1. Which residues, counting only those in segment 105-143, are among the basic types (Lys, Arg) and assigned to a helix (DSSP H, G or I)?
2. Restricting the search to segment 50-98, which residues are of a type in the set (Lys, Arg), farther than 22 Å from Arg21 by Cβ and in a helix (DSSP H, G or I)?
3. Please identify the pairs in which a residue from segment 128-155 that is over 19 Å from Arg170 (Cα atoms) has its Cβ atom under 9 Å from the Cβ atom of a residue that is modelled with pLDDT of 85 or more and among the β-branched types (Val, Ile, Thr), counting only partners at least 6 apart or on another chain.
4. Cβ-Cβ below 7 Å, separation at least six or inter-chain, first residue in segment 74-85 and free of Cβ contacts under 8 Å to residues at least 60 places away in the same chain, second of a type in the set (D, E, K, R) and surrounded by 10 or more Cβ atoms within 10 Å (Cβ to Cβ): which pairs?
5. Between residues in segment 88-115 that are touching a residue at least 60 places away in the same chain (Cβ under 8 Å) and under 27 Å from Gly49 (Cβ atoms) and residues that are in a helix (DSSP H, G or I) and aromatic (Phe, Trp, Tyr), which pairs lie under 7 Å by C-beta distance while being six or more apart or on different chains?
6. Please find, within segment 71-100, the residue that is surrounded by the fewest Cβ atoms within 10 Å (Cβ to Cβ) out of those that are in contact with a Ser or Thr (Cβ under 8 Å, 6 or more places away or on another chain) and within 19 Å of Ala46 (Cα to Cα).
7. If I filter segment 150-187 down to residues being touching a strand residue (DSSP E or B) at 6+ places or on another chain (Cβ under 7 Å) and part of a helix (DSSP H, G or I), which single residue comes out as surrounded by the most Cβ atoms within 10 Å (Cβ to Cβ)?
8. Look through segment 128-146, keep the residues that are of a type in the set (A, V, I, L, M) and surrounded by fewer than 16 Cβ atoms within 10 Å (Cβ to Cβ), and return whichever of them is nearest to Asn35 (Cα to Cα).
Amino acid sequence: MNSCSDRAAVDGVGTVTTHPRTVCHLTTAHRALDNRIFDSEVLSLARGGYAVTVIGLHPREEEVGGVCIVPLPAPQGALDRWIGQALRAWRLARRVRAKIYHFHDPELIPIGILLSLGRAKVVYDAHEDYEQKLRSRGLPMGFGHFLSKLWWWGERLASVRFAHIITADRHTHAKFPARRTTVLANFPPRAFGQVTPEPRGRGRPSASCTLGASPGTGVWCR
């Protein structure tokens, strides 16, 4: 129980206890240090006093910025990503005994449902409008529309089990119940724009720009 993947501890009388504010992020498709997941969400929780574990693609188990990184290997094809990786993530997540599980990939929806059957709360991070994405995949006429509607029916039904839903834009936000949905746009952290200005007349003017894929993510320049 001394490894980073075990956020449980044993007290003086041999009882297993957990940190009262434990959050576990799960991803099978993103790097554990993904900008949105790690910088925008995980580090914010850690700074707020939460004990945070990230289960995701990473070469080794380690602690980064006070956050436990539990590694998953790179998936060996689509089938392994959707089934094998999801099952690995589920087994590791159960060991964390988190109060809140926050998952980031559509293939983890069944795992999210399983985790929601216990006492933990589950958060679904819908990074994209997957219904719209399926419609634009160039599938045979009619099949793409049918598949996208089937997906949305299943996603909406599954979301009933989740305590909260996070989206990256207002368009996707509008598809879920407003009282249980929050937009977290993919903007850089505020510190990213805190640059030291050059003395007048020296050097070139500094500029940075982040371009979003939709009006919901926007354009940010300095």
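The values are calculated or read from the model by the stated rules, or taken from the named source; none is laboratory data. Just so we're clear, the structure is a prediction, and the values are computed from it rather than from any experiment. Note: ideal-geometry Cβ built from the backbone for every residue, glycine included; neighbour counts use all protein chains shown.
1. Lys133, Arg135, listed by residue number.
2. Arg81, Arg88, Arg91
3. Gly154/Ile109
4. Between residues of segment 74-85 that are free of Cβ contacts under 8 Å to residues at least 60 places away in the same chain and residues that are of a type in the set (D, E, K, R) and surrounded by 10 or more Cβ atoms within 10 Å (Cβ to Cβ), the close pairs are Pro75/Arg81; Arg81/Glu107; Trp82/Glu107.
5. Ile111/Trp90
6. Step by step, filter segment 71-100, then rank; the result is Lys99.
7. If we take residues in segment 150-187 being touching a strand residue (DSSP E or B) at 6+ places or on another chain (Cβ under 7 Å) and part of a helix (DSSP H, G or I), then Thr172 is surrounded by the most Cβ atoms within 10 Å (Cβ to Cβ).
8. So the residue we want is Leu139.
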